[in-house]
Amino acid sequence: MQKVKDQFLQLVDDYKEQAISMRRYLHQYPETAGCEKTTTNYIKERLQESDIEVVDSPFHTGLVAKVNGKTGGKIICIRVGIDALPVKEESDVDFISKNEGACHCCGHDLHMAAAIICAKILHETRNTWNGSVGFIFQPATETGKGAEYMIRQQVLKILRPDVILGFHCWPELLVGSVGVRRGPMMAASDSLKIIIEGKSGSAAHPHKCVDPILISTYVMQLLQNIVSRECSPVEPVVITIGKIIGGTGGDSIPNIVEMEGTVRTLRAAQRICIRKAISRTVEHTAAAMGGTGHVTFIENGDSVICDEIVASYLEEAAAYVATGPIDQLQKPSMGMEDFSYYLRDLPGAYFRIGTANKQSASKLPLHNPALIFDEDAILVACKILLQFTAIYNT
């Protein structure tokens, strides 16, 4: 195994120029969720030029590929997102986006380059390692809908993996560093829509009306009481209302106020309890003030929970590769990732790749249009994926 691991490290370094070239092309031609046709074709061409099997599938965008090693061993699956954000890029890189209003400011261009190089090296060395590795190049990760789409299209039946890995660029870590965690790593996400109905009328005669705007202000405050008074202080929960629509003018009381927001939780039982508490709060508060309230929840993704055993292999792979510290993440993120849908059926793990350097623009948050990424992170991600392959199938 040691020989295989060292071989992987050298080959990744040899592919550095090609990896950066691919990343920069993808960065210049970003495509948003559901529109990734050029991106899909580019990935397919890069894989097929190395005779890597691209699996026939009914996908509108996105694709699946597979590399077989020696007989025996388990099937590892690697999932990467391919979509960009609907954002106008504001960075100063020479290879800035040429697609107006689209930008890879979440780092998916680095993810794709790392996975393509990983597939090329695995195919080149296929007689030296055991098992198989499947690649899911997934569309629509930014909308939270891509994983469900791929699963409905039978991607797991096509690849039949034993384990799945996901990863993401992380500007809070320096390049060369890796973030890993066992157990809950990212939150489940529910969108909520609240309808408050009152009785419209003149603002000059509020006693003849039921004011849904006033009701909504109480609801807003009481929803935060759920977090502070109904949830354990050592278990993170987020309830945020990000949109309120109501009224057409200052001299009238409207009939309806609509509110939209998000709920983030880490445990399934906690998720159920929070939903019940929100519904109770909205309905009873509105009723107490003479109106009615109704809540609709839409599931956007489960909590990403890293399997203990898979994460331990991942930690070993990262330790062999990382030039910076291995960050044993002490706290989960309340962000969501539709990678969680694969974990309903498979053990898996997710890790973070440091992308920051001395430049201040590299430390901006994800989705910032001026964010830049240190391209050495591509090689780090690729090396970890390869080392995991060697270790897991030993």
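The values are calculated or read from the model by the stated rules, or taken from the named source; none is laboratory data. This is a predicted model, so every value here is computed, not measured. Note that each Cβ is placed from the backbone with ideal geometry, even for glycine, and that neighbours are counted across all protein chains shown.
Which residue, of C77, C118, C103, is within 18 Å of the chain's Cα centre (by Cα) and under 19 Å from G134 (Cβ atoms)?
C77
Considering only segment 91-110, state which residues are on the phi < 0 side of the Ramachandran plot and surrounded by fewer than 24 Cβ atoms within 10 Å (Cβ to Cβ).
S91, D92, V93, D94, F95, I96, S97, K98, N99, E100, A102, C106 - these are the residues of segment 91-110 that are on the phi < 0 side of the Ramachandran plot and surrounded by fewer than 24 Cβ atoms within 10 Å (Cβ to Cβ).
Just the residues that are aromatic (F, W, Y), under 27 Å from T125 (Cβ atoms) and not in a helix (DSSP H, G or I), please, taken from segment 1-49.
Y15
Here is a check on your reading of the model: is I278 buried (at least 17 other Cβ atoms within 10 Å of the Cβ), of a type in the set (V, I, T) and under 19 Å from the mean Cα position of the chain (by Cα)?
no
Hey, could you check segment 384-393 for residues that are in a helix (DSSP H, G or I) and more than 20 Å from the chain's Cα centre (by Cα) and say which is surrounded by the most Cβ atoms within 10 Å (Cβ to Cβ)?
For segment 384-393, the residue satisfying everything is T389.
In this structure, is K44 assigned by TED's automatic domain parsing to the domain that holds E148 and in contact (Cβ under 8 Å) with a residue 60 or more places away in the chain?
So K44 does not fit the description; no.
Are any of the residues in segment 180-197 at pLDDT 95 or above, crowded, with 19+ Cβ neighbours inside 10 Å, more than 27 Å from the chain's Cα centre (by Cα) and hydroxyl-bearing (S, T, Y)?
No, the conditions are met nowhere in segment 180-197.
Can you give me the number of residues within segment 143-171 that are within 22 Å of A356 (Cα to Cα) and modelled with pLDDT under 95?
Number of matching residues: 0.
Taking interchain pairs and intrachain pairs at least six residues apart, which have beta carbon atoms under 6 angstrom, with the first residue in segment 365-381 and not assigned by TED's automatic domain parsing to the domain that holds I117 and the second assigned to a loop (DSSP other than H, G, I, E, B) and surrounded by 17 or more Cβ atoms within 10 Å (Cβ to Cβ)?
Pairs found: none.
When residues of segment 271-323 are filtered for being over 30 Å from V175 (Cα atoms) and either modelled with pLDDT of 95 or more or among the hydrophobic types (A, V, I, L, M, F, W, C) (or both), how many remain?
Residues meeting the conditions: 28.
I'm told N41 meets every condition in (1) more than 21 Å from Q387 (Cα to Cα); (2) at pLDDT below 95 except one. Can you identify the failing condition by its number?
Every listed condition holds for N41 apart from (2).
List the pairs whose first member sits in segment 138-153 and is in the same structural domain as G166 (by TED's automatic domain parsing), whose second member is among the hydroxyl-bearing types (S, T, Y) and part of a loop (DSSP other than H, G, I, E, B), and whose Cβ atoms are under 6 Å apart, counting only residues at least 6 apart or on separate chains?
Close Cβ pairs satisfying both conditions: P139/T61.
Can you tell me how many residues in segment 2-28 are buried (at least 18 other Cβ atoms within 10 Å of the Cβ), of a type in the set (F, W, Y) and at pLDDT 95 or above?
Number satisfying all stated conditions: 1.
Just one of (1) in contact with a Lys or Arg (Cβ under 7 Å, 6 or more places away or on another chain); (2) on the phi > 0 side of the Ramachandran plot trips up R160, so point out which.
Every condition holds for R160 apart from (1).
Hey, I116 hits all of (1) assigned by TED's automatic domain parsing to the domain that holds G335; (2) of a type in the set (V, I, T); (3) surrounded by fewer than 19 Cβ atoms within 10 Å (Cβ to Cβ) but one; which does it fall short on?
Result: I116 passes all but (3).
If you take the residues of segment 281-300 that are of a type in the set (G, A, S) and surrounded by 21 or more Cβ atoms within 10 Å (Cβ to Cβ), which of them is farthest from A188 (Cα to Cα)?
G291
How many residues are buried (at least 17 other Cβ atoms within 10 Å of the Cβ) and in a helix (DSSP H, G or I) if we restrict to segment 202-213?
Residues flagged as buried (at least 17 other Cβ atoms within 10 Å of the Cβ) and in a helix (DSSP H, G or I) within segment 202-213 amount to 1.
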